[in-house]
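K.L.:
Below: one structure in structure tokens.
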Amino acid sequence: MKNKMNSNSRNAHNKGLDQNKIANEKDLQRVIRYVLRDPNRQWRTTSGALLSVISVGEWNHHEGPDFLNMALQVEGAVVVGHGEVHWRSSDWESHHHEKNPLYDGLMLHIVLHDNRAETPFAHYTLVMPEEILLLNTHSSMTASQGIFQSDLHEVLRDYATQRFLRKARYAGTILALHDANVVFMSLLSDFVQRRLGKKHLPNGLKKIARALEDVDNQAFAPLLHFIVIAPTLSNATACVNAAEKALAECLVTVQCGRGTALEIVVNIVLPLSYAFCVHLQRTDSAQNLLRSYVHIPAANQYAHLKRKFPTIAQEYVWQQQGMLEYELEIGAPAKKEQSIIHAIAAHQTRDMVITFYTA
């Protein structure tokens, strides 16, 4: 087990954080993981690169880097590698990591104080502001005592992303044979047909089914337009705004509820748009779509997920999609007593992360 921090050096330069119960480096790692989980945050590295975290990776409790196979988006490109946490960047030498091959090629070094004059050994160095850690100390400690004890957040993010890219790859196989409009209508028709057999078909899906009978498909023009313009969207915010606009217009043209329209956007429009961008070799736009996926708020709560996983929030679509994909993997419906998700994150190996997070 790691023991990289002695109490004297910790107390000498980090008294403020000690008062907030960050008593050792393991607690520091926990708080930093909690902060990095926020999909809305972007960071500047010491070299000036704009960085956001797609997946914090696996928390390594043994020898070697603290976070294994992190998935990062740096200046629009997805990179995968290990991360290491220190109070000070000079701890690299004091812990003798330069002599340990396990740390070779470190992707991200996260520190509170960058006090090394030498050339950085990691690809990127991120100085974490102390005030951010202070604000999140209590929340991170509370979360670690409950549902997050199994790295739930990372597991759900990976399952959600796995679900998204699985749908995108399927759409891509059809897109190789037909244009985007034809693929959309085919996927939508399949989506509705799979649900027509249910006893209580939502009224919104009935309206979608009736709109599919129209030859001109004008009711779905806003969604088709989003797919067409997806390769031109320059960042994740633009993707979210364009999706919200298409969603609002679809509520008028189809006259269905937001929940139903959002299901179509999440399950068909965004994955197909991603596949369309990849088809046009616009990987930058594809990654923007993937990033926008984690910013979309949920319209409704899934009742069966609420019963099964009562402590897991359904604030965002990705949380719901992650639970649904988990159900699919373990065999749905899972038993009620499986209310805590025990699963191995999809980022166990670098190759897996590359598969899930890049086109």
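Nothing in this text is a laboratory measurement; each read-out follows from the coordinates by a stated rule. Everything numeric in this text was worked out from a predicted model, so none of it was measured. Cβ sites come from the backbone with ideal geometry, for glycine too, and all protein chains shown count toward neighbours.
K.L.:
Hey, with R₀ at 35 Å, roughly what FRET efficiency would residue 61 and residue 315 work out to, going by the Cβ-Cβ distance, to 0.05?
P.N.:
0.75
K.L.:
While we're on this one: Going highest first, how would you order 25-38, 290-303 by mean Cβ packing within 10 Å?
P.N.:
The densest-packed peptide leads the list: 25-38, 290-303.
K.L.:
Modelled label-to-label distance, residue 238 and residue 195, 7 Å Cα→beta-carbon offset: nm?
P.N.:
3.1 nm
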